[in-house]
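To start, the structure under review is shown below, and the notes come after it.
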Amino acid sequence: MCWTIRESGKKITSICLVVGEFIDRNLEYADLIDKVHPGAGAYPKHEPREGGHDEELTAIEDDLA
């Protein structure tokens, strides 16, 4: 899906924090965020859990891979 967005020249507005977290951890998708209208979920303020590992987000990222 991201290649379709990139090829079309369109950008995304992220209202979902999960999407924002994913992009925050996979910076190769950062160029897809609309700079004018990034959305509330685009730039999450993620505080890693103790030990620096967020199991729930890792599980979601594994599912998307």
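The values are calculated or read from the model by the stated rules, or taken from the named source; none is laboratory data. What you see is a predicted model, and the numbers here were worked out from it, not measured in a lab. Positions of Cβ are generated from backbone atoms using ideal geometry, with glycine treated the same way; all protein chains shown enter the neighbour counts. We work out accessible area using only protein heavy atoms, side chains counted, and drop any ligands, DNA or RNA first. Shrake-Rupley method; radii C 1.70, N 1.55, O 1.52, S 1.80 Å.
Results, tabulated for the structure shown:
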quantity	calculated
Qualifying position, being loosely packed, with under 12 Cβ neighbours inside 10 Å, among the charged types (D, E, K, R) and either in contact with a Cys (Cβ under 7 Å, 6 or more places away or on another chain) or modelled with pLDDT of 70 or more (or both), among E28, E50	E28
Matching residues in segment 2-25 - criterion: being part of a loop (DSSP other than H, G, I, E, B), farther than 18 Å from P44 by Cβ and open to solvent by less than 100 Å² (accessible area, probe 1.4 Å)	G9
